[in-house]
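See below for the structure under consideration.
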Amino acid sequence: MINSEFVIRTKELLPDDYEALFAAIDTEPPVSIRFNRYKASGTVDYKPVLWCDRGYYLPERPSFTFDPLFHAGVYYVQEASSMFVEQAFKTILASEGNAGLSVLDLCAAPGGKSTHILDLLPDNSLLVANEIIRSRCAILAENIAKWGNPNVIVTNSAPARFAKEKGLFDVIIADLPCSGEGMFRKDRVARKEWSVDNVLMCADRQRHIVSDVWQALKPGGRLIYSTCTFNTEENEDNVSRLASELGAEVIDIPVKPEWNIVGALKHDIPAYRFFPHRTRGEGFFLAMMRKNGSATGRVQSEISRKIQNLCNTYYVPSAASVLSTAYDRNSMPAIDLSYDQAIKYLRREALILPTDVPKGYITVTYQGHPLGIVKNIGSRANNLYPIEWRIRDQLKIKN
């Protein structure tokens, strides 16, 4: 059941096609994934996500938990509409060229946008992936580690902490906590929890978050503002008000007509809306603001030190270092596991390796992709997969 007040507000928001939206909300959501730029190669027989070069829709939802390639970071399960952040970054890169960028993903957990951004940034860039909630930050660190790009720091800090270093970032992504109207199809609980009061509370919190972090953005830098909700209070109203208060310009992002993206529903600003009855994905809103002024120079050589002074930094577990694309496999013997062996490894069970495998630390892979390491002692191989990452669900395997 959808709240009656939400129905009234949505009819006002979309007077011509609100019925189509409500019908779409009651359908099964599509399943989409995005392949890792550095780990996946070749072509796949899936329908592409039009606004994301490595995004695809799956015909049905598999059991990702029991796919070793998922755990190896070969792909990320991500909602298709949110992949539009790629177009915002392409707009930025078109003006910046191959210059290294310092980027803050402010509300980064569980890691969809962070792993996406890592695939888009020039190699000499640095991403700071931040999450204020500690438990969610641990999940973020795991997903970042599995993705395998080393040019990232994971932090657990409040937005205002970053503003203590003025002009630290070229780009800030603020995928803000919201009332979640755009996720009603996937999350029935969100329907029950919705209220106008919560919408207004979220809008107020979003403005405070952006205002708190604004000083950390360089003059000339861009802030990408996004939500997964429909109402204008949390979207156009907030962007227009913030741009006025902070002295920012809302800038265009090139789009193609066949993407069926809706523009701003209020205020004369460039904004981009996804509705589930128009595009194959969930509800999503995005706008990009440019801070007035000119950039004062990059701080790539100092940013890591400054971030560690500002935040409680999460360091990726050392056992996961084998997942990095920069890892030199020649420094450690490697063995490719069968599917059943890979599942045992991901459950953190001991493995029995062939007798010709040398003793000591061994990289274990699946279809050539590193999963982690074991210590082979001959009679068995002790499993060093991080215990907090292990698969807890049950699946009958052959051996």
Query - With 10 Å bins from 0: P(r) over the stretch 55-169, alpha-carbon pairs, percent - result: 13, 41, 36, 9, 1
**Report entry** 15 Å reach of a label modelled at residue 294, 7 Å along Cα-to-Cβ, counting backbone N of the stretch 190-224
**Finding:** 219-221
Query raised in the report: Relative to the present Cα-Cα distance, how much length would full extension add between residue 58 and residue 259 at 0.36 nm per residue of separation?
Result: 70.5 nm
Query raised in the report: For the stretch 227-310, what is the convex hull (Cα atoms) projected area averaged across all directions, in square nanometres?
Result: 8.0
Report task. Could you pull out every one of the lysines with an alpha carbon less than 27 Å from that of residue 375, ignoring same-chain neighbours closer than 8 positions? Result -> 39, 146, 344, 359, 396, 398
Report summary line: per DSSP, antiparallel bridges as share of beta bridges in the chain, % nearest 5, sits at 65
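Rounded to the nearest 0.05, what FRET efficiency is calculated for residue 267 and residue 336 with R0 set to 56 Å and r the Cβ-Cβ distance? Display every interim value, and only then the final one.
Working: r = 55 Å, r/R0 = 0.99.
For residue 267 and residue 336, the calculated efficiency is 0.50.
Is there a quick way to get the dipole size of the chain? I mean about its Cα centre, with the Cβ of Lys and Arg at +1 and of Asp and Glu at -1; what is the value in debye to the nearest 20?
Charge dipole, the chain, about its Cα centre: 1360 debye, nearest 20.
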Report summary line: Yeah, the stretch 1-120 with a ≥ b ≥ c from its alpha-carbon gyration tensor (a/c under 1.5 is rounded, else prolate when a/b outruns b/c, oblate otherwise) is oblate
Report summary line: Once residue 208 and residue 367 are pulled to full extension, the length gained, defined as 0.36 nm per residue separation minus their Cα-Cα distance, is 52.6 nm
**Report entry** the chain: radius of gyration and largest Cα-Cα distance (Dmax), Å
**Finding:** 22.2, 71
Report task. Rounded to whole Å and sorted largest first, list the principal axis extents of the Cα atoms in the stretch 143-262. Result -> 40, 40, 35
Query raised in the report: Pick from 11, 90, 256: which is most flexible by mean-square fluctuation in a GNM of the chain where alpha carbon atoms under 10 Å apart are linked?
Result: 256
Query raised in the report: Which value, to two decimals, describes the C-alpha radius of gyration of the stretch 104-177 once divided by 2.2 N^0.38 Å?
Result: 1.01
Report summary line: Rounded to the nearest Å, the spacing of the alpha-carbon centers of the stretch 48-97 and the stretch 155-229 is 21
Report task. Quick one: plug the Kirkwood hydrodynamic radius of the stretch 136-180 (C-alpha pairs) into Stokes-Einstein at 20 °C, 1.002 mPa s, and report D in µm²/s. Result -> 167
Query raised in the report: Who wins for biggest fluctuation among 46, 57, 385 in a Gaussian network model of the chain, springs between alpha carbons below 10 Å?
Result: 46
Requested in this report: Treating cross-link reach as a plain straight distance, find the aspartates and glutamates whose alpha-carbon is under 12 Å from the alpha-carbon of residue 166, omitting any fewer than eight places away in the same chain.
Outcome: 212
Query raised in the report: Within straight cross-link reach of residue 266, meaning Cα distance under 24 Å, which lysines are found once same-chain residues fewer than 8 apart are removed?
Result: 11, 256, 291
Report summary line: Here, residue 186 and residue 16, labelled 7 Å along Cα→Cβ, have an inter-label distance in nm of 2.8
Query raised in the report: Any idea how far apart residue 394 and residue 200 come out in nm if each label point goes 7 Å out from Cα toward Cβ?
Result: 5.1
Report task. Please find, in a Gaussian network model of the chain (springs between Cα atoms separated by less than 10 Å), the residue of 252, 67, 356 whose mean-square fluctuation is greatest. Result -> 356
Query - Förster radius 35 Å - calculated FRET efficiency between residue 382 and residue 135 (Cβ-Cβ, nearest 0.05) - result: 0.80
**Report entry** Spin-label pair residue 237/residue 124, simplified geometry with 7 Å Cα→Cβ offset, distance in nm
**Finding:** 4.5
Query raised in the report: Protein chains only, probe 1.4 Å: how do 161, 392, 191 rank by accessible area, largest first?
Result: 392, 161, 191
Report summary line: Under the helix-only model (-39500 (n - 2.57) for each DSSP H run of 4 or more, divided by the residues of the chain), the mean residue ellipticity at 222 nm, to 500 deg cm²/dmol, is -8000 deg cm²/dmol
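The values are calculated or read from the model by the stated rules, or taken from the named source; none is laboratory data. Treat the numbers as computed from the prediction; the structure is a model and nothing was measured. Don't worry about glycine lacking a Cβ; one is built from the backbone with ideal geometry, like all the others, and counts go over all protein chains shown. Calculation scope for accessible area: heavy atoms of the full protein, side chains included, ligands and nucleic acids excluded. Shrake-Rupley method; radii C 1.70, N 1.55, O 1.52, S 1.80 Å.
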